[in-house]
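One structure is given below, encoded as structure tokens.
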Amino acid sequence: MDKLVYKAALFDFDGTLVDTEPQYSIFWGRQGEKYHPEVPHFEKIIKGQTLGQIFAKHFAGMEEVQHQITEELNEFEQQMTFDYIRGARDYILRLRNMGVKTAIVTSSNDMKMSVVLRALPELKEMFDLILTADMFTHSKPNPDCFLTAAAKLDCKPEECIVFEDSLHGLQAARNAGMRVIALATTLPTERIAPLADEVWENFEDK
């Protein structure tokens, strides 16, 4: 990456930096079987959405169910493992050695990220900024999260490159006017390629 062209690299978290999507698929697959058995592969339908978006679209007016799911999700996330996508950690360290600013821009909330930071405390040194869903009003695919990150890093949108794996995240990056690298860790290449400048399998040899 040319550090003179890209001053900042913005990363989604789940499915982009860490391989958590299979774990979330198990959780949301169970919720789908329980509450929406009429929807096949519910876990695939909700990928890349915030909890608020999932509730608004699939559990509207079901306050008790929302509360139950939230409690179960919080408990589930306490037990999750956070293994880096292949090559991710080394790639980010190389960026920082080149003087590129780095940020996590995630749809996860503060509570989830507090669990993550206990498991991966080195993230505080690897990233200049960590933005969670609790820090912006509009969720992906709205570009506000990425534009906010760019502004906080004192960079223009065209000086930023985004790494994402979900359709909502990729669209948000596109809407922000940034260069987009799609990680084919969650969805097949043919689904994410139209929203990306490049598609990577992982960060090895990059």
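The values are calculated or read from the model by the stated rules, or taken from the named source; none is laboratory data. Given the structure is predicted, the values throughout are model-derived calculations rather than measurements. Ideal geometry is used to build each Cβ from the backbone, glycine not excepted, and the neighbour counts take in all protein chains shown.
Structure data summary
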{"quantity": "Condition met for residue 39 (outside any strand (DSSP E or B) and touching a Gly at 6+ places or on another chain (Cβ under 7 Å))", "calculated": "yes"}
{"quantity": "Residues satisfying the stated conditions in region 177-193, i.e. aliphatic (A, V, I, L, M) and either within 18 Å of residue 149 (Cβ to Cβ) or not in a loop (DSSP other than H, G, I, E, B) (or both)", "calculated": "178, 180, 181, 182, 183, 192, 193"}
{"quantity": "Region 31-62, residues that are of a type in the set (Lys, Arg) and more than 29 Å from residue 130 (Cβ to Cβ)", "calculated": "34"}
{"quantity": "Residue tally, condition modelled with pLDDT of 95 or more and in a loop (DSSP other than H, G, I, E, B), over region 107-124", "calculated": "3"}
{"quantity": "Selection within region 52-74 - out of contact with any His (no Cβ under 9 Å at 6 or more places or on another chain) and either among the β-branched types (Val, Ile, Thr) or in contact (Cβ under 8 Å) with a residue 60 or more places away in the chain (or both)", "calculated": "52, 54, 65, 69, 70"}
{"quantity": "Filter result for residue 49 (in contact with a His (Cβ under 9 Å, 6 or more places away or on another chain) and farther than 19 Å from residue 127 by Cβ)", "calculated": "yes"}
{"quantity": "Lone unmet requirement of (1) of a type outside the set (Lys, Arg); (2) without any contact (Cβ under 8 Å) to a residue 60 or more places away in the chain; (3) over 30 Å from residue 79 (Cα atoms) for residue 150", "calculated": "(2)"}
{"quantity": "Those residues of region 115-130 which are within 15 Å of the chain's Cα centre (by Cα) and over 14 Å from residue 17 (Cα atoms), in sequence order", "calculated": "129"}
{"quantity": "Answer residue from region 32-71, given it is among the small types (Gly, Ala, Ser) and within 20 Å of the chain's Cα centre (by Cα) and is surrounded by the most Cβ atoms within 10 Å (Cβ to Cβ) among those", "calculated": "48"}
{"quantity": "Residue within region 60-83 that is in contact with a strand residue (DSSP E or B) (Cβ under 6 Å, 6 or more places away or on another chain), among the polar types (S, T, N, Q), under 21 Å from residue 186 (Cα atoms) and part of a loop (DSSP other than H, G, I, E, B) present", "calculated": "no"}
{"quantity": "Residues satisfying the stated conditions in region 129-142, i.e. assigned to a loop (DSSP other than H, G, I, E, B), without any contact (Cβ under 8 Å) to a residue 40 or more places away in the chain and under 22 Å from residue 177 (Cβ atoms)", "calculated": "136, 137, 138, 141, 142"}
{"quantity": "Subset of region 84-94 (residues that are touching an Asp or Glu at 6+ places or on another chain (Cβ under 6 Å) and either aliphatic (A, V, I, L, M) or exposed (fewer than 14 other Cβ atoms within 10 Å of the Cβ) (or both))", "calculated": "85"}
{"quantity": "Count of residues meeting criterion [of a type in the set (Gly, Ala, Ser) and either surrounded by fewer than 16 Cβ atoms within 10 Å (Cβ to Cβ) or closer than 18 Å to residue 156 by Cα (or both)] in region 167-206", "calculated": "5"}
